[in-house]
Each structure stands twice: as C-alpha cells, then as structure tokens.
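None of the figures in this text is laboratory data; all of them are computed from the coordinates on show. Please read these numbers as outputs of a predicted model, since none were measured by experiment. Quick reminder, even Gly has a Cβ in these numbers, built from the backbone with ideal geometry, and neighbours come from all protein chains shown.
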Amino acid sequence: GRALAAAARAIGCRCVIVLHARVDAEREHAIAAHGARIVRIAGNYDESVVHAARLADANGRHVVSDTSYDGYEAIPRDVMQGYGVIAAEALAQQPAGEDGRPFTHVFLQGGVGGLAAGVASYLWEHAGARRPHFIVVEPRQADCLYQSALAGRATKATGSVDSVMAGLACGEASPLAWDFLEPCIDHFMLIDDDDAVQAMRGLAAGSERDVPFVSGESGAAGIAGLTVLMRDPALARQIGLD
C-alpha cells in the first residue's frame, strides 16, 4: 500500500488503499502520508481484495493488486515482475561463492505468493541449473501456499488467517503466482507468530556480525524460518543447511 500510494502521488494520480483489520495504525499513517485515502474494513486480507474490486467497479477506477483472480491477471503479472527488482539488487550486492552461486538457499515470505514467485522466477532465470534452493515461509494459520503444495493446485488456507504477520495473513493463493511457484519452490514451511516476533526482535538488536535492522513481523518471516530449521539439525541437513 505504501509503495502504491507513493507511486500514485509521483504521477499525480488519486489513490485509495483498502486496509484490513490486522494492519496496524503505524502502517496506515505511513500510507496516508503519501496522500492516499484509506478505507478500513473489519475483515481480513482476502475480504479487502474483494472490497477494493467492488469500489473500483462502482467508481470507474483501476485495481492494483498482486493477487490474481478470474479476469484479472495483467496487473498482478506486472507486480510480480516488479518484485524481481529485489532479486536483482540482491545479486548486485552479493558476489558468487566458490561454486559460482551467490546463494545456496533463499527464504521467501508466503502471502498470496506474488513476492515469492517474482523473486524465485528471477533468480531461476538468472542462475538456471545453479539456482538456489527456495523455501517459502508462511504463518501456520495462513497456510494457503502450503495447502496448495499438498493439493497440487492453488487453494485456500485451513486456519483462521489471523496472524501478527499481517502482510502474510492471506487465505487464498494467487492462481497466477502458483503457476510460477509450483515448479520451482523446493520446500514450504509454517511458522508460529512467536517465531516471527522473536526474529523481528533479534534483527532489531543486531549482533557482532550484523547491524541492527528494523523489520515488521512479515518481513522477519524468512529469518524466522531459517532459525526454526537450524534448531532441528536433522531437518537442516535434509534441506542442505550447515
């Protein structure tokens, strides 16, 4: 929402952002600071997507979302390609290792799958057969991608979809994103809210090797997934972590 609001202001376009109940006031204020009008709903992320589509249809506006649905794929495809910039910037900052690969494992936040699909597909195209292993991390109660992997098709979460990881509290996988994720993601894993909170605090505290880094719960999901795996040596070895 914040990026969309900033982009709209940059080109002189009005912007309405629909926020669900789990988005906190700090994030709302950050979005509104870019001139967007905020519409709050009582429901979850998936309901905010439906509400945005209805508002757009009723007022002759355009929907900009990273999740696809029937008749709506062009913009989500563009958004996923935009997520590839994250991978491009990471590659530019990370030299290749002895095996020629800059990364061996990449942990990606789940959500509807758009971010994971955009980053993973870019890295796969860049590295080919030498691509890293991809692990998608989701809240346990918002497991739509994990369930999609079990079902072999884009499907819905089985939990409450109520998580402190508000950016990942999504109930249904994006069909378009799933088309990219199914052939390239090696592992799907679930974490608890406490795992994300602990990872967020660890990033903020920093260490001897890492400067303090401010992240929200959703942004910390990847490092939370890595931490959970490293607490189980047998599972870490199975995935090739050492």
### Query
What is the packing order of peptides 65-71, 22-28, 165-171, taking the mean over residues of other C-beta atoms within 10 Å and listing the highest first?
165-171, 65-71, 22-28
### Query
What angle do you read, to the nearest 10 degrees and between 0 and 90, between the alpha-carbon axis of helix 175-184 and the longest principal axis of the chain?
10 degrees
#### Entry: Of His29, Ala116, Ala96, farthest towards positive along the dipole that unit charges on Lys, Arg, Asp, Glu beta carbons give the stretch 1-154
His29
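Does the stretch 2-59 classify as rounded, prolate or oblate by the C-alpha gyration tensor (a ≥ b ≥ c root eigenvalues; a/c under 1.5 gives rounded; else a/b over b/c gives prolate, otherwise oblate)? Don't skip to the answer; put the middle values down first.
Details: a/c = 2.56, a/b = 1.21, b/c = 2.12.
Here the stretch 2-59 falls in the oblate category.
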### Query
GluC sites (Glu not before Pro), restricted to the stretch 57-156: which are DSSP loop and have at most 14 other Cβ atoms within 10 Å?
Glu73, Glu98
### In Hz, Karplus ³J(HN,Hα) per residue of the stretch 228-234 (6.51, -1.76, 1.60; θ = phi - 60°; x = Gly, Pro)
4, 5, 5, 7, 10, x, 5
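If each residue of separation counts as 0.36 nm, what is the full-extension length gain between Ile239 and Thr158 once their alpha-carbon separation is subtracted? Kindly include the intermediate steps, with their values, before the conclusion.
Working: separation 81, 0.36 × 81 = 29.16 nm, distance 2.53 nm.
The Ile239-Thr158 span can extend by a further 26.6 nm.
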### Model label zone, Asn59; criterion: amide N under 15 Å from point 7 Å along Cα-to-beta-carbon; scope the stretch 27-45
32, 35-41
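Among rounded, prolate and oblate, which fits the stretch 107-242 when a ≥ b ≥ c are the square roots of the eigenvalues of its C-alpha gyration tensor, a/c under 1.5 means rounded, and a/b larger than b/c means prolate? Spell out each step's value before the answer.
On the way: a/c = 1.63, a/b = 1.20, b/c = 1.36.
Oblate is the answer for the stretch 107-242, as a/c is 1.5 or above yet b/c matches or exceeds a/b.
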### Task
Pull up all non-local amide H partners of Val39: gap of 5 or more, or a different chain, and H-to-H distance under 5 Å with H placed in the peptide plane.
Ile17, Val18, Leu19
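Dipole magnitude of the stretch 74-239 about its Cα centre, charges +1 at Lys/Arg Cβ and -1 at Asp/Glu Cβ only, in debye to the nearest 20?
Values: 11 positive and 20 negative charges, 56 e Å.
Taking the Cα centre of the stretch 74-239 as origin, the dipole is about 260 debye.
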#### Entry: Mean residue ellipticity (222 nm) of the chain, computed from DSSP H runs ≥ 4 via -39,500 (n - 2.57), nearest 500
-14500 deg cm²/dmol
